1. If you build a Gaussian network model of the chain, linking Cα atoms that sit under 10 Å apart, which residue out of L141, L53, L163 swings the most?
2. How big is the dipole moment of the stretch 110-158 about its Cα centre under a simple scheme where the beta carbon of each Lys and Arg is +1, that of each Asp and Glu is -1, and everything else is neutral? Debye, nearest 20, please.
3. About the Cα centre, and with charges only on the beta carbon of Lys, Arg (+1) and Asp, Glu (-1), how big is the dipole of the stretch 14-134? Nearest 20 debye, please.
4. Subtract the Cα-Cα distance of T152 and A83 from 0.36 nm times their separation in residues, and report this length gain in nm to one decimal.
5. For the stretch 99-187, what is the relative contact order in percent, using Cα pairs closer than 8 Å and at least 6 residues apart in sequence?
6. When the dipole is taken about the Cα centre of the chain, and only Lys, Arg (+1) and Asp, Glu (-1) are charged at their Cβ, what size is it in debye, to the nearest 20?
7. In a GNM of the chain with a 10 Å cut-off on Cα contacts, which of A235, A68, A198 has the highest mean-square fluctuation?
8. Which one, W181, W140, W40, has the greatest fluctuation when you compute a Gaussian network model over the chain with C-alpha springs under 10 angstrom?
Amino acid sequence: MKKLIPFILFIACIGFAKAQTPLANGAVISLFNGKNLDGWHQVANDYGTDRTLFTVEKGAIRTYAKQAANSTQSFGALITDQAYENYLLTLEYKWGEKKFQPRANDVRDAGILFHIFGKEEVWPGGVECQIQQGDTGDLWLVKARATVKEETTHHNYNAKGTLKTIGSQETFNRFPRSFCWENYGWNKVQVLVKGDFAQFYVNGILVNEATDMKTYDETQKAWVPLTKGKILLQAEGSEVFYKNITLQNLD
């Protein structure tokens, strides 16, 4: 999202764990047909003049294909036309070479937001599975809250950790994980969502988990379960490719 990390972390992020690929046996649908962006629409902020940041190339979605490296460019969001609930979302991503102002000197950054709500923009309300060099799999809460399992010494994710509720109705809130499981080249990210519960997997490893995801309902003046919404892919000043985007129904 916004945290800055030296590029060396992208090279040095190494860990060892047994693969924990999520289990799902429902019908699988493709969210991306490999040819065009049917089923999706784009929005962008006003950093640059070009609002078309996502294009299709050789069976993959590519960000900033036509923009000159190091130029000032908008951040963008590619949003599904439909809302979804109870699914296993799977996609692959890899970084391109180009970076852009105002993040040309920062680590490469993108992300997956789900259960989005409110105004459709680059950072709408919702829950994010971070895609960033050194931090893929971090949990961000945008105008939302959730309960996480915290390893209290370093305040990051631990499957056997202590339960902690984080988030607010106004701001961004980040919850990290212990290791970076990103590889050079293509990486697989899976987001399993069941009601107000979510797990993030990076290359088959469970790296983060959120329970009791909620949004604040102004009408009720209370926090209510966040269980469905559209899915969003980010472009945040870095060339990135997305492919093989599928959704498996958990019902």
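Values in this text are rule-based calculations from the coordinates and carry no lab data. The shown structure was predicted, so the numbers you read here are calculated from the model rather than taken from an experiment. Cβ atoms come from the backbone with ideal geometry, glycine included; neighbour counts cover every protein chain shown.
1. Of L141, L53, L163, the Gaussian network model singles out L163 as fluctuating most.
2. On the way: 4 positive and 7 negative charges, 40 e Å.
Taking the Cα centre of the stretch 110-158 as origin, the dipole is about 200 debye.
3. Numbers: 12 positive and 13 negative charges, 89 e Å.
Charge dipole of the stretch 14-134: 420 debye, to the nearest 20.
4. Values: separation 69, 0.36 × 69 = 24.84 nm, distance 3.52 nm.
My answer for the length gained is 21.3 nm.
5. Working: 168 pairs, mean separation 19.5, N = 89.
Computed value for the stretch 99-187: 22 percent relative contact order.
6. Values: 28 positive and 27 negative charges, 73 e Å.
With Lys and Arg at +1 and Asp and Glu at -1, about 360 debye.
7. Sorting by GNM fluctuation, first place goes to A68.
8. Maximum among the listed residues: W40.
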